[in-house]
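Peer 1: The following block contains the structure, expressed as structure tokens.
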Amino acid sequence: MSRPDHLHRLRRIAIHAETEEDRAWIAKAIGRYLLAADDGLTLEDAFELSTPPSCQPWWRIDAIFRRDMWLRGLAEFFPQDSLYARAEAVGAALDRYATTRWPTEQVLPGPPKSSWSTPEQCMWYALDANGGLLLSRRQLRRILAKQLAIGGP
């Protein structure tokens, strides 16, 4: 089983939607940890989430995935004909949001209800996943190009 699969299990457990198999898996991981913690086993190792030295940590990979997903959702609000024009529109909207609303909204646990199902909701989650950092237009084009490659709008 891969690291993303383990993360999905942990997320299901966190929202009380776990399966019997998930419960058995977590019990086994906790058992491993309890047996070997005094020998230096970390929780990441016990839950098989540790990252090889040359790779990005699992939590960063997950944040990038969430950021990209929300950016692709945001792009759907901008039906420009070309990838370049769409990335420009998304970038301009992000720039405006980041300088006007994000400074006060970033402390909230989620986007305000008034922004649900709007571009602002997508921007809130994308910036939150990316630590508030904006992306270059080139990065946006790369992210949005993947959406087009998998058959998105």
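The values are calculated or read from the model by the stated rules, or taken from the named source; none is laboratory data. Please read all numbers here as calculations on a predicted model, not as lab measurements. A quick note on method: Cβ atoms are made from the backbone with ideal geometry, for glycine too, and the neighbour counts reach across all protein chains shown. Ligands, DNA and RNA are stripped out before the accessible areas are found, and what is left, the full protein with its side chains, is counted by its heavy atoms. Shrake-Rupley method; radii C 1.70, N 1.55, O 1.52, S 1.80 Å.
Peer 1: Take each of the peptides 131-138, 69-76, 24-31, average the number of other beta-carbon atoms within 10 Å over its residues, and list them starting from the highest.
Peer 2: Working: 131-138: 12.2, 69-76: 20.4, 24-31: 14.0.
Taking the mean over residues of other Cβ atoms within 10 Å, the ranking is 69-76, 24-31, 131-138.
Peer 1: Extending each Cα 7 Å along its Cβ direction at residue 107 and residue 142, get the distance between those two points in nm, one decimal.
Peer 2: Label at residue 107, label at residue 142, 3.4 nm between them.
Peer 1: With angles folded into 0 to 90 degrees, how steeply does helix 20-36 sit against the dominant principal axis of the chain? Use alpha carbons for both and round to 10.
Peer 2: The angle comes out at about 60 degrees.
Peer 1: Oh, and also: Once the dipole of the chain is set up with Lys and Arg at +1 and Asp and Glu at -1 on Cβ about the Cα centre, which of 115, 85, 15 lies farthest towards its positive end?
Peer 2: It is 85.
Peer 1: State the percentage of accessible surface on the chain attributable to carbon and sulfur atoms; use a 1.4 Å probe and exclude ligands, DNA and RNA.
Peer 2: Details: 5630 of 9370 Å².
Answer for the chain: carbon and sulfur cover 60 percent of the accessible area.
Peer 1: State, to one decimal in nm, how far the label point of residue 118 lies from the label point of residue 35, with both points 7 Å from Cα in the Cβ direction.
Peer 2: Inter-label distance under the simple model: 5.4 nm.
Peer 1: Right, something else. Compute the helix-to-body angle for 119-129: its Cα long axis versus the longest principal axis of the chain, expressed 0 to 90° and rounded to tens.
Peer 2: 40 degrees
Peer 1: As I understand it, the value is the acute angle between the Cα axis of helix 3-14 and the longest principal axis of the Cα atoms of the chain; what does it come to in degrees, rounded to 10?
Peer 2: Result, in degrees: 90.
Peer 1: Sticking with this one: Here are labelled values, (i) 15.1, 45; (ii) 16.1, 50; (iii) 19.0, 59, and one is the computed Rg and Dmax of the Cα atoms in Å for what I pasted. Which one?
Peer 2: Entry (iii).
Peer 1: Right, here's the next one. May I ask you to derive the relative contact order of region 1-97, considering only C-alpha pairs under 8 Å and at least 6 residues apart, and to give it as an integer percent? Don't skip to the end; give the middle numbers.
Peer 2: Working: 38 pairs, mean separation 17.8, N = 97.
The normalised contact order for region 1-97 reaches 18 percent.
Peer 1: Which whole-number percentage describes the relative contact order of region 62-129, with Cα contacts under 8 Å and a sequence gap of 6 or more?
Peer 2: Numbers: 51 pairs, mean separation 33.6, N = 68.
Dividing the mean separation by the residue count of region 62-129 yields 49 percent.
Peer 1: Would you mind working out the accessible area per residue for the chain, using a 1.4 Å probe, and quoting it in Å²? Please report the intermediate quantities before stating the final value.
Peer 2: Values: 9370 Å² over 153 residues.
Roughly 61 Å² per residue, with all protein chains present.
Peer 1: Starting from the Cα of residue 20, step 7 Å along the direction of its Cβ; do the same at residue 84; then give the gap between the two resulting points in nm.
Peer 2: 5.9 nm
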